[in-house]
Amino acid sequence: MTTATSLNNIGAHIATRLEQAIGSRRYAMWFDRSTRFELEDDGQALRVTVANKFLADGIGRQLQTQIDQAAHEELGHGVHLHVGVSKPASATDQAHAHGERSRAAVAPPVNVAGQTAPWAPARRTGKRWRHTLDEFVVGSGSELAFAAAVQMADGDWGCEVDPGSPLFIHGGCGLGKTHLLQGICQRINFHHPQRRVRYTTGEQFTNDFITAVRTNSLSAFRRKIRQLDLLAVDDVHFMACKEKTQQEFLHSFNEIELSGARVVLASDNHPKLIKQFSDALVSRCIRGMVVRIDAPDSATRMRIVEALAERRGLAMPQASAKLIADRCDGSVRDIEGMLTKLQAMSMIDRSVPHLGAGSRVIGHALVDRLFHDQGGLAPRRPVRFEQIMDAVCQLFALPSQLVMGRTRRRHIVLARSLAIYLARDLTSLSYPEIAAAMGRPNHSTIVTAAQRMKRQLNQDEPVLIPGQPAEVKPSQLFDQLRREIITAEQRSTPARHPPGWLA
């Protein structure tokens with residue numbers, strides 16, 4: 001017969017496995033010394049008892065899968081999970097718990113059994129990186145880019161098979177290119193500290209090259225670059241129009257790859273679309289793997305909000321996270337900016353609940369107040385149909401006569417359908433009014449186009465647009481156009497503030 005003591009010990013082991021799986025920081029956000037992991041019914045049920053209902057609801061919603069997995073790894077079978085709230089503590093117990101939390105701030109990580117956690121701190125390599133691949137939130141628009149980055153970082157250095165070098169990652173601002181480049185460098189630096197790794201930007205490379213020329217130290221500059229095991233260059237498009245810098249970079253590029261080293265580059269555009277990039281440099285860039293990273297979809301933005309909030313010590317209910325994910329449909333930097341302001345607001349608002357250790361609860365009301373203060377991504381006035389048509393024609397590189405005409409070529413039909421769907425989303429125009437704006441005698445074809453666009457967005461199958469180097473999803477085209485139209489309208493319209501508002 002299994003004793004209660006042994007069951008409790010196993011519960012402590014499950015807690016330890018859970019902490020190892022989700023990380024000490026996330027574990028400390030949801031669990032403290034008062035948490036109890038107790039096995040019941042001879043190991044068939046696991047009861048997790050926490051301090052309050054908010055924690056219980058959050059754990060049951062966000063960590064059930066991880067707890068189930070930790071229990072299965074420890075026991076060899078699944079368990080029935082029950083998450084409950086402990087009885088209110090006396091004033092003396094609360095004071096003691098407060099002192100324990102204060103001491104825990106400087107103490108080593110502990111599990112629920114009070115024992116030191118059985119893992120060592122991360123190995124120091126003398127180099128600090130802001131981003132790691134483990135922290136990258138992968139979505140449908142970044143799967144291939146992330147897989148290529150992992151292949152680049154984890155490829156066998158002793159193997160003759162090329163791990164994808166050169167790797168060229170391109171996409172819009174704030175979508176994770178820098179994160180992937182620094183993540184590659186960090187992982188190689190951690191697992192192979194003897195390897196010479198360098199992360200730089202196109203601007204910094206240019207400045208270092210100019211300085212080397214002016215100070216007669218070009219030989220030292222070349223040795224520094226060409227003896228690397230990995231060279232990562234962000235914003236490589238900065239070298240456009242700089243002929244001498246491109247020549248020097250191309251020579252270094254060739255020398256590095258001939259020595260068996262690796263190169264990873266990032267830019268806002270595909271190599272072929274970077275203006276005044278030399279043909280030789282474009283050829284070298286596309287010889288390896290060129291991957292595009294796209295704006296995150298709604299589900300990915302939701303996960304990004306939750307991950308970034310967790311790192312900041314913000315407890316984010318799903319309703320609050322969804323509000324932010326829905327409003328921030330642009331870059332990840334938009335989300336970071338929102339969370340930075342929310343964190344500041346939560347620190348000065350005494351009504352915001354605290355969970356201890358500096359963690360704060362970001363509720364629906366606080367998010368609503370943030371959007372009320374800054375307006376969110378929404379037009380300040382109805383968008384004109386001409387603005388939508390101009391944006392669509394510019395993106396597809398088509399004259400408005402073709403888009404508004406009756407040509408049935410696939411990419412023109414897509415452009416026309418997007419314009420109609422955006423008009424329904426961003427304007428107050430009815431179907432007959434949109435038909436009139438497009439010179440149609442009736443609105444039946446306009447309704448059909450809107451319905452067709454809705455189906456395409458739901459299916460979201462990639463399409464190829466003439467003049468573009470790779471396929472793109474309709475949802476990405478819609479999000480990009482919507483964002484550009486609203487941003488352009490906001491720039492042209494002065495913000496309206498309530499009476500008494502001071503700038």
Please pick out the residue among ALA147, ALA153 that is outside any loop (DSSP other than H, G, I, E, B), under 18 Å from LEU231 (Cα atoms) and at pLDDT 85 or above. ALA153
Criterion first (modelled with pLDDT of 90 or more and within 12 Å of the chain's Cα centre (by Cα)) does LEU175 satisfy it? no
How many residues does the stretch 213-255 hold that are of a type in the set (Gly, Ala, Ser) and over 20 Å from SER267 (Cβ atoms)? 3
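Determine whether GLN476 is modelled with pLDDT of 85 or more and either under 30 Å from MET338 (Cβ atoms) or assigned to a helix (DSSP H, G or I) (or both). Step through it out loud before you land on a result.
Working: modelled with pLDDT of 85 or more: no; either under 30 Å from MET338 (Cβ atoms) or assigned to a helix (DSSP H, G or I) (or both): yes.
When the stated conditions are applied, GLN476 does not pass them.
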How many residues does the stretch 266-281 contain that are surrounded by fewer than 18 Cβ atoms within 10 Å (Cβ to Cβ) and closer than 19 Å to GLY172 by Cα? 5
For ASP326, state whether it is surrounded by fewer than 16 Cβ atoms within 10 Å (Cβ to Cβ), acidic (Asp, Glu), in a helix (DSSP H, G or I) and outside the structural domain of PHE478 (by TED's automatic domain parsing). yes
Matching residues, the stretch 79-92, being in a helix (DSSP H, G or I) and either modelled with pLDDT of 80 or more or of a type in the set (A, V, I, L, M, F, W, C) (or both): ALA91
Do you know which of the residues in the stretch 414-434 that are surrounded by fewer than 20 Cβ atoms within 10 Å (Cβ to Cβ) and among the small types (Gly, Ala, Ser) is modelled with the highest pLDDT? SER430
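The values are calculated or read from the model by the stated rules, or taken from the named source; none is laboratory data. The structure presented is a predicted model; accordingly, all values stated were derived computationally and were not measured. Glycine gets a Cβ as well: all are built from the backbone with ideal geometry, and neighbour counts include every protein chain shown.
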